[in-house]
1. Between Arg42 and Lys74, how high is the FRET efficiency from 1/(1 + (r/R0)^6) when r is the Cβ-Cβ distance and R₀ = 35 Å? Nearest 0.05.
2. Considering only lysines 8 or more places apart in sequence, or on different chains, count the pairs in the chain whose C-alpha atoms sit under 25 Å apart.
3. Return the ratio Rg/(2.2 N^0.38 Å) for the chain, where Rg is computed over Cα atoms only.
4. Taking θ = phi - 60°, what integer Hz values does the Karplus form 6.51 cos²θ - 1.76 cosθ + 1.60 yield along region 8-17, in sequence order, with x for Gly and Pro?
5. Of all trypsin sites (Lys or Arg not before Pro) in region 21-66, which ones are in loop regions per DSSP and have a Cβ with at most 16 other Cβ atoms within 10 Å?
6. Given contacts defined as C-alpha pairs under 8 Å and at least six residues apart, what's the relative contact order of the chain, whole-number percent?
7. How far is helix 63-81 tilted off the main Cα axis of the chain, in degrees rounded to 10, range 0 to 90?
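Bear in mind these aren't lab numbers, they're just calculated from the coordinates by the rules spelled out. As the structure is a prediction and not an experimental result, all values here were calculated from the model. Counting neighbours? That spans all protein chains shown, and the Cβs are built from the backbone with ideal geometry, glycine included.
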Amino acid sequence: MIQLIKSFETFVNDVPELVKNSNYKTKYFIQRLHISKPTFYRKLKDNSFTVEELVLLGELLFPEEYYDWQLKNKLKLHNQDS
C-alpha cells in the first residue's frame, strides 16, 4: 500500500513537468478538465488537482496505458461474468 501511495505522490509532483513535456497544448488540458486557465495554472503550481482531475490527466497524458488498462479490466469483467 505504501508503494501505491508513494507512486501517487510522485505522479502528483510530476504533473507540471508531464504537462509541459506532453504533445498537447495546455489549452487541451484546460478544456478537458473544464476549468479556467487561471485555475489550471494555480492547481499546477500548487499541486492541488482533485483525484478525479488527476485521473483524467493520467488518461490524457498516457492514453495508450489507459487504453491497455481499460481493455484488461473489461476482459477481466467479461471472464468473471462467463
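1. 0.45
2. Close lysine pairs under the 25 Å cut-off: 14.
3. Taking the Cα Rg and dividing by 2.2 N^0.38 Å, one obtains 1.26.
4. So the J values, rounded to whole Hz, are 4, 4, 4, 4, 4, 5, 8, 3, x, 6.
5. Answer in residue order: Lys25.
6. Value for the chain: 26 percent.
7. Around 30 degrees separate the two axes.
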